[in-house]
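Okay, so here's the structure we're looking at.
The values are calculated or read from the model by the stated rules, or taken from the named source; none is laboratory data. Bear in mind that the values here come from a model prediction, so they are computed numbers and not experimental data. Heads up, the Cβs are rebuilt from the backbone with ideal geometry, glycines too, and the neighbour counts pull from every protein chain shown. Heavy atoms of the whole protein, side chains included, go into the accessibility calculation; ligands, DNA and RNA do not. Shrake-Rupley method; radii C 1.70, N 1.55, O 1.52, S 1.80 Å.
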Amino acid sequence: TPIFKSIMNTTCSPRSCAPATSGVTESLRKPLYNINGNADAYEIRVELPGVPKSGVKLDLEENILTIRGERSTTVPEGMKALHRELSPLSYLLRLRLNAPVNDEQMTAQLEDGVLTLRLPLKEAAKPRQIPVL
């Protein structure tokens, strides 16, 4: 059984996934991600291209990890948009954690458009060797 289960069954609604002709409508997407782990911790790497650190929001509530990212686009002052393919974009990923993590030691780092989360397991969730007497 995987330690995480994606609980977002659809990546976006039909309306927000349809190509926008003007390129300026907001849309919602499920980001690409990888999960790696060992006996001590899990690591999640999430692609959030164009999202600044201030646009990332992380929540952990009742074993559900929610990752949100917001990318915005602006037109420099004194200019007008002539052509737009880069539009505002929202990312949303919700994962159910099937093992308790030590939320006080969780870390998050955003570098080159990739968010890396380290989720240390609580002692009770780590595998243990039981000696046979």
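Of the residues making up the range 28-75, those that are of a type in the set (A, V, I, L, M, F, W, C), surrounded by 17 or more Cβ atoms within 10 Å (Cβ to Cβ) and more than 17 Å from SER90 (Cα to Cα) are ALA41, ILE44. Annotation: of all residues in the range 36-64 being of a type in the set (D, E, K, R) and in contact (Cβ under 8 Å) with a residue 24 or more places away in the chain, the one that is nearest to THR116 (Cα to Cα) is ARG45. For the range 76-97, the criterion of being at pLDDT 85 or above, surrounded by 10 or more Cβ atoms within 10 Å (Cβ to Cβ), in contact with a helix residue (DSSP H, G or I) (Cβ under 6 Å, 6 or more places away or on another chain) and among the hydrophobic types (A, V, I, L, M, F, W, C) is satisfied by no residue at all. Among the residues making up the range 57-82, those that are polar (S, T, N, Q) and farther than 27 Å from GLN105 by Cα are SER72, THR73, THR74.
Given the residues LEU60, LEU110, LEU95, LEU117, which is the only one that is within 19 Å of LEU28 (Cβ to Cβ) and not aromatic (Phe, Trp, Tyr)? Of the residues listed, the single one that is within 19 Å of LEU28 (Cβ to Cβ) and not aromatic (Phe, Trp, Tyr) is LEU95. The residue that is most open to solvent (accessible area, probe 1.4 Å), counting only those in the range 98-133 that are under 23 Å from the mean Cα position of the chain (by Cα) and of a type in the set (Asp, Glu), is GLU104.
Of the strands (runs of 3 or more DSSP E) that lie entirely inside the range 23-117, those containing 1 or more residues that are touching a Lys or Arg at 6+ places or on another chain (Cβ under 8 Å) and over 25 Å from PRO127 (Cα atoms) span 33-37, 56-61, 64-71, 89-97, 107-111.
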